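These notes are about the structure you will find just below.
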Amino acid sequence: MASTVPDTGLSLVTGTLRQTDYWWTVFKRTWKGGVINSFVSPLFYVVAMGVLLGGFIAGDPAKLEGATSYLAFIVPGLVATHAMTIAVGETTYPVMGAVKWHKTYYSMIATPLEPRHLVAAHMMFVLFRLATACGVFMLVLAPFGVFESWWGPFLAFGSQLLVGMAFAGLVYGYSTRIRSESAFGVLFRLGVLPLTLFSGAFFPISNLGPVLEWVARLTPLWHGVNLSRMFCLDTVDWPLAALNAVVLVAAVVVGWFWSVSGLEQRLAD
Amino acid sequence: MPLYRVGAVTESMILARGLRKSFGDFEAVKGIDVDVRRGEAFGFLGPNGAGKSSTMRMIASVSPISGGSLQILGMDPATDGPAIRGRLGVCPQEDTLDNELNVRDNLYIYGRYFGIPKGEVNSRVDELLEFVSLTEKAKAKVEDLSGGMKRRLTIARSLVNRPDLLLLDEPTTGLDPQARHVLWDQLFRLKQAGVTLVITTHYMDEAEQLCDRLVVMDKGLIAAEGSPRQLIEEHSTREVTELRFGITDETNPHELIAEKVEDLGRLEVLPDRILVYSPDGEEVIAKVHERGLDPIGVLVRRSTLEDVFLKLTGRTLVD
Ligand SMILES: Nc1ncnc2c1ncn2[C@@H]1O[C@H](COP(=O)(O)OP(=O)(O)O)[C@@H](O)[C@H]1O
Ligand SMILES: [Mg+2]
């Protein structure tokens, strides 16, 4: 009965823009915490893993996918992983809260807004968070000589946004379908944590052995990490880059429909 | 279709025929007919679980109907939901205020969802805060408000788009008597201003105070329809005599006593009292004493919608 394309109603853009004031208040309320999460913690990572731990690791380009130092190897993957973490953070508890605890979504759909508008505005906010967090992160890292071309970091930035949005859509859809927040524990432990560790951010996936290497290649995060790294290190294999991009775009599209249908079902009873 | 003609001529605000709502195997609304016309205050009176909120959510065009037909403001909620919702004010049973926004922002943000320009929303918000007497609380956090204040804020919020039709699901449930009276006063002023109101309640006094016309709803069906006075005249007597007879034991003297007075009028035998429906209460009391019965308490009162409900369903409204 619920249809994604109703006969009447607001356009996606109009419905999304009507929530600008709402999201502006959310931003004003949360930006301070966001600064810590978005910039300070990842910087600790860079210093601890990239600089200090990296001091023990030989910067052999043959073993580090073309990076001349462990820091240069880890940075593009860390930022991509960070994008995933931010996206997951913004689409788990906030979504469940709006459905179950604060019920703000119920007040929103009592107006001309529809679930697709709510998803779209939420996604725009996630995109904004990703852009500021990854953007500043990349800027801070620029002086450390971890980028091999002037244009690569811009495309790397784009791929970080893409992988973030892929996770935003997939996880948002998941959050609309679960009834209890304990399901987030499963997501974090069996999803986010293994992906973070084994998708090639901290070590080349070739170290995993042939079977697990292929498993890693199937995860959306690896596509983002790989794309981000190839652009930063100027080691772009264009057909592979195209494949990475296609996979991520497909995940974004699937995530969108998965989220909209999930929210429509959840709010219609 | 005659449905459409009726809608066009009398400005039907809500027109439901055989309206149903199921949740899985469970049918919460089992085929009801409702007509609400412009400017009236219409009520759904029924106990918890009667299906009032389910009906309200269908009317609010957020919950798809499971059967029958429904038209709101002459439109079909399945296809014109957004257009309908743009002209409705909704005050849901459960609070959906945003606890993370202050009082004023709750109204302002909500107004923006309707596409009302900023300046216009701002002036409406000031006006509405005044109307619900929350101007001093404009900057307060929602969680610091009392139950009555939250309710008033929700009502103010539902008015921000100047709705043609205002839906109030149990507007005063959980409020203390004073807060209820403040709210009734505000709803009464809206009614005077010509806003069409649809109210659900399980308080018969609320229904009597506010509704021009109401339906008595029970177990997903409509048991009766009319103005409060019509319903009382049709289903009850002018006066009711309540008789109380001390502690009852397992031999259940209520039943025995009831046999002795059953010719005095229609009886309802409740656990703690017997109700005698007869137009003249004094006469009933006189006859009870004549028969050598000695109730520890007697009360003669006017019939209410509670009596109507008892007659129609055999149960009390609030249990
Ligand atoms: N979302 C739902 N899923 C399953 N059952 C529901 C749902 N909403 C209401 N019900 C059931 O439908 C019946 C009517 O509920 P409701 O419409 O809330 O009644 P009222 O508002 O008159 O108290 C109740 O038995 C309730 O448990
Ligand atoms: Mg209810």
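The values are calculated or read from the model by the stated rules, or taken from the named source; none is laboratory data. Predicted, not measured: the structure shown is a model, and the values here were computed from it. Here the Cβ is made from the backbone with ideal geometry for all residues, glycine too, and neighbour counts use every protein chain on show. Side chains included, ligands, DNA and RNA excluded: accessible areas come from the protein's heavy atoms. Shrake-Rupley method; radii C 1.70, N 1.55, O 1.52, S 1.80 Å.
Annotations for the structure displayed:
- Simple label model, 7 Å out from Cα along Cβ direction - B:Asp144 to A:Glu181, nm: 2.4 nm
- Sulfur and carbon atoms: percent of accessible area, chain B [1.4 Å]: 49 percent
- Over the residues of chain B, the helix contribution to mean residue ellipticity at 222 nm works out to -11500 deg cm²/dmol, using -39500 (n - 2.57) for each DSSP H run of at least 4.
- For the stretch B:237-302, the relative contact order is 51 percent, taking Cα pairs closer than 8 Å that sit 6 or more residues apart in sequence and dividing their mean separation by the residue count.
- Across chain B, the relative contact order, built from alpha-carbon pairs under 8 Å that are at least six residues apart, equals 19 percent.
- Probe 1.4 Å, protein heavy atoms only - accessible area per residue of the protein assembly as shown in square angstrom: 44 Å²
- Members of A:Lys28/B:Lys150; B:Lys139/B:Lys191; B:Lys52/B:Lys137; B:Lys52/B:Lys219; B:Lys137/B:Lys191; A:Lys28/B:Lys118 lying beyond 21 Å, as alpha-carbon distances in this model show: A:Lys28/B:Lys150; B:Lys139/B:Lys191; B:Lys52/B:Lys137; B:Lys137/B:Lys191
- Taking both sides together, the accessible area buried where A meets B is about 2500 Å² for a 1.4 Å probe.
- Probe 1.4 Å, all protein chains present, accessible-area order of A:Phe44, A:Phe39, A:Phe73, largest first: A:Phe44, A:Phe39, A:Phe73
- Top positive-direction residue, dipole computed over the stretch B:237-302 with Cβ charges, set B:Leu299, B:Gly265, B:Leu243: B:Leu299
- Share of carbon and sulfur in the accessible heavy-atom surface of chain A [1.4 Å probe, %]: 73 percent
- Sequence-separation-based contact order of the stretch A:109-207, relative, with Cα cut under 8 Å and 6+ spacing, percent: 28 percent
- Minimum 30 Å² accessible area buried by the other protein chains, the stretch B:111-125 residues, probe 1.4 Å, relative to alone: B:Arg112, B:Tyr113, B:Phe114
- Charge tally in the Cβ shell below 14 Å around A:Trp24, where Lys, Arg are +1 and Asp, Glu are -1, A:Trp24 excluded: +2
- Accessible surface of A:Val163 - all protein chains present, 1.4 Å probe, nearest 10 Å²: 0 Å²
- Under the span-like rule (Cα at least 15 Å along the axis, Kyte-Doolittle mean at least 0.0), DSSP H helices of chain A: A:70-91, A:115-141, A:152-177, A:220-233, A:238-267
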